[in-house]
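A.B. asks: Here it is, the structure, as structure tokens.
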Amino acid sequence: MGASVIVQKTSQLSEKFDAGEPVVLSFYYHNKFNVQFLNSFITKILSRNNMLYLRDTILSVLKELIVNAVKANSKRLFFSSMNLNVKDIHEYSKGMKDFKAYIIDKKSLIEEELRNSDLCVKVYFKKNDEEFQVFVRNDCAMLPDEAERVRVRIEKAKQYTNFAEVYEDMTDDTEGEGLGLLLSVLFLKNSGIDPNLLKIVSVEKYTQASFVIPKMLKSELQKSHIQIKIMEEVEDLPSFPENILELIHMCKRNDVSIKEIAERIMLDPALSASVLRLSNSAGFVTRKRIDSVFEAVNIIGLKNLNMVLIASSARSIMSTRYSSFREVWNHCNRVAFYARNIALQKGYSKIADHAFLAGLLHDLGKIILLSTTARLAEWIADITKNREMRTSTVIEEISIGMSHSAIGAAVAEKWNLPHYIIESVKYHHSPLCSDPAFSNIVSIVYLANTFAGIEAGKYEYPYLEDDVLEMFDLQDEGAVEAFHGDIKRQYEEHIFIALSAS
Ligand SMILES: [Fe+2]
Ligand SMILES: [Fe+2]
């Protein structure tokens, strides 16, 4: 099965899931392909329900449960092929020693053996009005000892409140056994998901692990300390300066001349500089270098000047307040360029300039999130560095139970930005949830951002929603990749020309 099949299949499955039908996936083994399929499916069902910030939690927990289930199946096969009785204490401990060596040395053999057996792991997903339910089932029962160990581990894990405590405890545990389960419990807890809903039951024929993702997270009901801090931060943001608001208003009037507006801008040197900088930024309106404010206003027109004013005010407020501004803004510039070019090349040239501005502002929330949680991020990076976990905004969102899209939308609302920007900021990770009146621009920003994310190694092509791909006439992965390649090349050429001209 190729990646484009994944796009299609997981889009169909997530539609089915969204309609309330159960979805069942079967695995023999957790190979790269299965992981990719699962990531794609989870990304889509969470996106559709605007819960994407839970993705890393859900994927980590699921991966842990699947790995354990596969291991249990494989253990059963191993014991029967060795003619060992798992219930005999001596044979069990001998068998376990050999089994540990076996799973390390013979990975590919195990995959083949499992495939030829009738033992598989089934993952069930079901949605109702209040929650998502996830079950992972494998075809053998746990031994009483094993079940007891798991129970104790989960109970212990519930007592931890943060990563540091787990880490300290684990340094004594040379085997690191069960760390995955501990972290799963902690992830659920910090995501606002009740860890008591993580259950592992074992009956005669199978073992089943399950957990529940409520649509209304605990952290939404009961705001955490850090959430309150972030919302205060948004409330404290200054509004746009009075002269900018007046200028924005002037741009909408018919009786004001370009000369008048240019003169007004030139009274403010900082504003003049930022109008020039933005008018010259990659791909915005013209390739010609603009040297004076008058020229800028003349070339870009009053409608676009309106946008330049919004963007430069947002930029100056953000850059003076937040240390993480630069990092995010570079990404935003790329996304803005991509968004504009996607619009131009896919028949949406009427909204190309709006797409540019929406792309430029789409991650407003991330600037705030990263700056407000800088210490938290450092701490998490430290603790997770040996765990092959991605340290990203997503992990921070898990810890605070709030997405950067929601934070950004609150900022855009506070500043009374146009509706299309609020929608693009709010739904740039979940375009299918946006108001249909804005679905074109939101999907453009979503695609532009996903392209940039793929370049940064955050996403893969199969995560893309096929409804969006269809909208832009991108039929298969080859087409998506080629289109992305074109857009990226245009951006790099543009940057190169801009650099050599300055
Ligand atoms: Fe984002
Ligand atoms: Fe982004």
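The values are calculated or read from the model by the stated rules, or taken from the named source; none is laboratory data. Here the structure is a predicted model, which means the values were calculated and not measured. Don't worry about glycine lacking a Cβ; one is built from the backbone with ideal geometry, like all the others, and counts go over all protein chains shown. To get the accessible areas, we keep the full protein, side chains included, count just its heavy atoms, and leave off ligands, DNA and RNA. Shrake-Rupley method; radii C 1.70, N 1.55, O 1.52, S 1.80 Å.
A.B. asks: Step by step: first the residues of the range 78-118, then only those that are open to solvent by less than 80 Å² (accessible area, probe 1.4 Å) and of a type in the set (Val, Ile, Thr), then the one that is nearest to Phe33 (Cα to Cα). Which residue is that?
C.D. replies: Checked the range 78-118; the qualifying residue nearest to Phe33 (Cα to Cα) is Ile110.
A.B. asks: Quick one: how many residues across the range 330-371 are closer than 28 Å to Gly485 by Cα and open to solvent by 10 Å² or more (accessible area, probe 1.4 Å)?
C.D. replies: Here the count works out to 17.
A.B. asks: Please work out if Val425 is under 23 Å from Lys44 (Cβ atoms) and free of Cβ contacts under 8 Å to residues at least 40 places away in the same chain.
C.D. replies: No; evaluated as a whole, the condition is false for this residue.
A.B. asks: Further question on the same structure: Would you check which residues across the range 328-377 are away from ligand 1 (no atom under 13 Å from the Cβ), farther than 25 Å from Ile300 by Cα and free of Cβ contacts under 8 Å to residues at least 60 places away in the same chain and list them?
C.D. replies: Ser371, Ala374, Arg375, Ala377
A.B. asks: Looking at this structure, is Tyr29 assigned to a loop (DSSP other than H, G, I, E, B) and open to solvent by less than 30 Å² (accessible area, probe 1.4 Å)?
C.D. replies: It is true that Tyr29 is assigned to a loop (DSSP other than H, G, I, E, B) and open to solvent by less than 30 Å² (accessible area, probe 1.4 Å).
A.B. asks: Suppose we keep only residues that are in contact with a His (Cβ under 8 Å, 6 or more places away or on another chain) and part of a helix (DSSP H, G or I) within the range 403-420. Which one would you say is farthest from ligand 1 (Cβ to nearest atom)?
C.D. replies: Tyr420
A.B. asks: Of these, Ala358, Ala352, which one is more than 15 Å from ligand 2 (Cβ to nearest atom) and among the aliphatic types (A, V, I, L, M)?
C.D. replies: Selected residue: Ala352, the only one of Ala358, Ala352 that is more than 15 Å from ligand 2 (Cβ to nearest atom) and among the aliphatic types (A, V, I, L, M).
A.B. asks: Return yes when Arg137 is in contact with a strand residue (DSSP E or B) (Cβ under 7 Å, 6 or more places away or on another chain) and modelled with pLDDT of 75 or more and no when it is not.
C.D. replies: Answer is yes for this residue.
A.B. asks: Restricting attention to the range 259-279, which residues are more than 17 Å from Ser313 (Cβ to Cβ) and open to solvent by less than 50 Å² (accessible area, probe 1.4 Å)?
C.D. replies: The answer is Ala262, and nothing else.
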